[in-house]
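Comments concern the structure below.
The values are calculated or read from the model by the stated rules, or taken from the named source; none is laboratory data. As the structure is a prediction and not an experimental result, all values here were calculated from the model. Because the Cβ atoms are built from the backbone with ideal geometry, glycine has one as well, and the counts that use them run over all protein chains shown.
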Amino acid sequence: MAIHKALKDLNLLDRFLFAEAMEDPEMPLEDGAVRIFLNTRGKDRTGVPEELMELLHYIEHTTEEVSNSCKSGKIRELQSRIARIKSSEEIGVKYMQEWEEKIIETRRAREEGLAEGRAEGREYHLFTQVRRKIARGCSAAEIAEMLEEDPAHVQKMYDFLVTKMDGTEEESWAAWSGLQG
């Protein structure tokens, strides 16, 4: 019979089924999979096979020196495969390409975000100017001419704002930007 423990009560090297560690045991996982969690920094070695202990230590310290000190041939084979992958020019090039692509994508996303922010900032600035001009009694055509902006866009903003002049600028902007986005 399995002992049910809360996640916070698990010993560092406890082996357990995920369903047994759930905070709410009334919600079992029913996908047929068995999940086993192993912690690499445990202190209680009771009932843990030596090969598993070596593997957990190797996972923490993945070096050739550690793998050579292991009795398990499987761990030495794992280290050998890792070394081949690391020394493979093809894998190295692929990794670098993925890394470069990630950097390029990050830069593109940043630039896109900055452009969107600038556009929203320009729109907000125009919005506040149109609102102030309406408060001074200017018509949409006068505002478009004064601000040297597209008359159709100013007219649309004007028509929206004349019905919102009783509210705050922030409330009006939130409503306007909600309609635009």
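Couple of notes before you dig in:
- Checking THR62 against (1) modelled with pLDDT under 90; (2) in a helix (DSSP H, G or I), the condition it does not meet: (2)
For (1) more than 17 Å from ALA174 (Cβ to Cβ); (2) part of a helix (DSSP H, G or I), each residue gets a yes or a no:
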residue	(1), (2)
GLU112	yes, yes
ARG118	yes, yes
ARG131	no, yes
GLY137	yes, no
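- Count - residues of the range 34-59 that are of a type outside the set (A, V, I, L, M) and loosely packed, with under 11 Cβ neighbours inside 10 Å: 6
- Of all residues in the range 84-120, those that are surrounded by 12 or more Cβ atoms within 10 Å (Cβ to Cβ) and under 30 Å from GLY178 (Cβ atoms) total 1.
- Options ARG81, ARG76; residue that is surrounded by 12 or more Cβ atoms within 10 Å (Cβ to Cβ) and modelled with pLDDT under 90: ARG76
- Condition check for LYS86: among the charged types (D, E, K, R) and touching a residue at least 12 places away in the same chain (Cβ under 8 Å): no
- Residues of the range 121-161 satisfying the condition of being exposed (fewer than 15 other Cβ atoms within 10 Å of the Cβ) and under 15 Å from LEU179 (Cβ atoms): TYR124, HIS153, ASP159
- First in the range 140-160 and farther than 20 Å from TRP173 by Cβ and in a helix (DSSP H, G or I), second anywhere and aromatic (Phe, Trp, Tyr) and at pLDDT below 95, Cβ under 7 Å, 6 or more apart: none
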